[in-house]
1. Counting only the backbone N, which residues of the stretch 192-221 are under 17 Å from the spot 7 Å out from the Cα of Ala84 toward its beta-carbon?
2. Apply the Karplus curve 6.51 cos²θ - 1.76 cosθ + 1.60, θ = phi - 60°, to the phi angles in the stretch 191-200 and return the couplings in whole Hz, x for Gly and Pro.
3. Say the dipole of the chain comes from +1 at the beta carbon of Lys and Arg and -1 at that of Asp and Glu; which of Tyr135, Val164, Gly288 then lies farthest toward its positive end?
4. Once amide H atoms are built 1.01 Å from N in the peptide plane, which residues 5 or more positions from Ala67, or in another chain, come under 5 Å H to H?
5. Starting from the amide H of Arg39, placed 1.01 Å from N in the peptide plane, find each other amide H under 5 Å away whose residue is 5 or more places distant or on another chain.
6. Apply 1/(1 + (r/R0)^6) to the Cβ-Cβ distance of Ala258 and Arg102, taking R0 = 51 Å, and write down the FRET efficiency to the nearest 0.05.
7. Out of every Cα pair in the chain, what percent are spaced more than 25 Å from each other?
8. Roughly what % antiparallel, to the nearest 5, for the DSSP beta bridges in the chain?
Amino acid sequence: MSDPIRHLQSLLPPHNTRHESATAYAPANIALCKYWGKRDSRLKLPVTGSLSVSLGAHGTRMTLRRAEADTLVLNGEAVDPGTATFRRLFAFLDLIRDPAHRLTINSHNTIPIAAGLASSASAFACAVKALEALYGWDLPPQLRSILARLGSGSASRSVFDGFVEWHAGSAPDGMDSFAEPVAPVWPEFRIGILTVSEAPKPVGSTEAMERTVRTAPLYTAWPAQVAHDLPRIRQAVLDRDFETLGQTAEHNALAMHATMIASWPPVIYWLPETTDHLHAVHRLRAEGLPVYATLDAGPNLKLLYTAEAGNDLKAAFPQLIQIEHTPAP
Ligand code: PMV
């Protein structure tokens, strides 16, 4: 097998220099059935499939400009070239751009800062789209998703709006591991962000994922959990069956956290407020309010509900940031 990354590069059209600059946008996404664990860390190939909802107007807007030297401005602030953020982004661009081209990047997150959702997913998906616009390409959507995946696994899903499934694939070169839209937006569907802490995570998601796969005996149960949850969530999205979607998504997220807690050294992202909020969600549900929670690699909760529960939830959690997932205009 030729090197899979070289093979991908051979599929790219020529790097033309017609445009001096280009701007693109990609939404953040929240997984309803999580991606947790890689079978290939260089190609970012997942152990299982996953399914997410993109966050519409909440994501990353990025402008690339041809320049003499690489520079990065993130939310208005210059980023030092020695930082991991800078190095990771440019190492990723090096996979796709003409090696002779230098770029200034101006990147802006349109997600509320307090939401703690400034994820790598929208940034890497947006970087692919911006390079595509800069070089005047129109890549096949599957290739766009595969390229974004090389930046961060969850970025493979952020190249689409609405509900999106990332197929695990089985090919060693990852050419069958890309995301595809499952269903368009569900206008009444809401995501609510309950921020517990904006502090940097004690363990990054890449390390946490790797540690779980390597040390948690419980991880062997994870593929079976996904095999159960993913088709249910996909069908619930298609049927707009909120109860099945919410129940399955919450169960999936808690099972993912169980595998992290069972790793060594343990990865416990939860803070006391995380469990307080989770219990409050369960109390509201027991009182008849259809609301479920999901959590990613951090202590913050994302509530899943439909528009009619919005006022009750705002009363219960005044700090709730309510997000619709209609695409950015
Ligand atoms: O794509 P990464 O490496 O940032 O990992 C994302 C992992 C989770 O957010 C916890 C789950 C997911 O599917 O997005």
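Throughout, read-outs are computed from the coordinates displayed, never taken from laboratory work. The shown structure was predicted, so the numbers you read here are calculated from the model rather than taken from an experiment. Quick reminder, even Gly has a Cβ in these numbers, built from the backbone with ideal geometry, and neighbours come from all protein chains shown.
1. 198-212
2. Once θ is set to phi - 60°, the couplings for the stretch 191-200 become 10, x, 9, 10, 7, 9, 8, 9, 5, x Hz.
3. Of the listed residues, the answer is Tyr135.
4. It is Arg102, Leu103, Thr104, by chain and number.
5. Leu45, Val47
6. Numbers: r = 46 Å, r/R0 = 0.90.
The formula returns an efficiency of 0.65 here.
7. Working: 27119 of 53956 pairs.
Within the chain, distances greater than 25 Å cover 50 percent of Cα pairs.
8. Values: 45 of 49 bridges.
Expressed as a percentage, antiparallel bridges in the chain total about 90.
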